[in-house]
Amino acid sequence: MPYRVLYPSILVFMAIGAYSLSNAPFDVLMMALFGILGYFFYKLECEPAPLVLGFILGPMMEENLRRAMVMSSGNPIVLVTSPVSTGFLIAATILLCIVLAPSIRKKREEVFVED
């Protein structure tokens, strides 16, 4: 099937599917807006996996954080008193430093380069 036929047919079927969910043109508009947003993310070379993980796991993490804060009467120390949670926080900090170290090193080398 040629691309010039396949691509428009996919778009039409997606619009029909979005409209058929609740018979509202707003759903088709939202589909188009998110398609445009996805195109810009693609052009900016954003990785889709972290975005999808953030959208899926974000609300669950927020709900569980809220539950922990309610159970501890708003005391954030409860997040580091357990050895397991402390280990996860330390591991996350180490991984963040590992990811950021090359960019920081590159910036420092640019600053200290003599012309």
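The values are calculated or read from the model by the stated rules, or taken from the named source; none is laboratory data. Source: prediction; values computed, not measured. No Cβ is skipped: glycine too gets one built from the backbone with ideal geometry, and neighbour counts run over all protein chains shown.
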- Message: I need every pair where a residue in region 44-70 that is more than 22 Å from T81 (Cβ to Cβ) has its Cβ under 6 Å from the Cβ of a residue that is part of a helix (DSSP H, G or I), sequence separation at least 6 or different chains.
- Response: none
- How about region 82-115: which of its residues are of a type in the set (S, T, N, Q) and not in a helix (DSSP H, G or I)? S82
- Task: State the number of residues belonging to region 25-79 that are among the acidic types (D, E) and either under 30 Å from F13 (Cα atoms) or touching a strand residue (DSSP E or B) at 6+ places or on another chain (Cβ under 9 Å) (or both).
- Result: 3
- Task: Identify the residue in region 26-73 that is at pLDDT below 90 and surrounded by fewer than 10 Cβ atoms within 10 Å (Cβ to Cβ) and, among all such residues, is farthest from the chain's Cα centre (by Cα).
- Result: E45
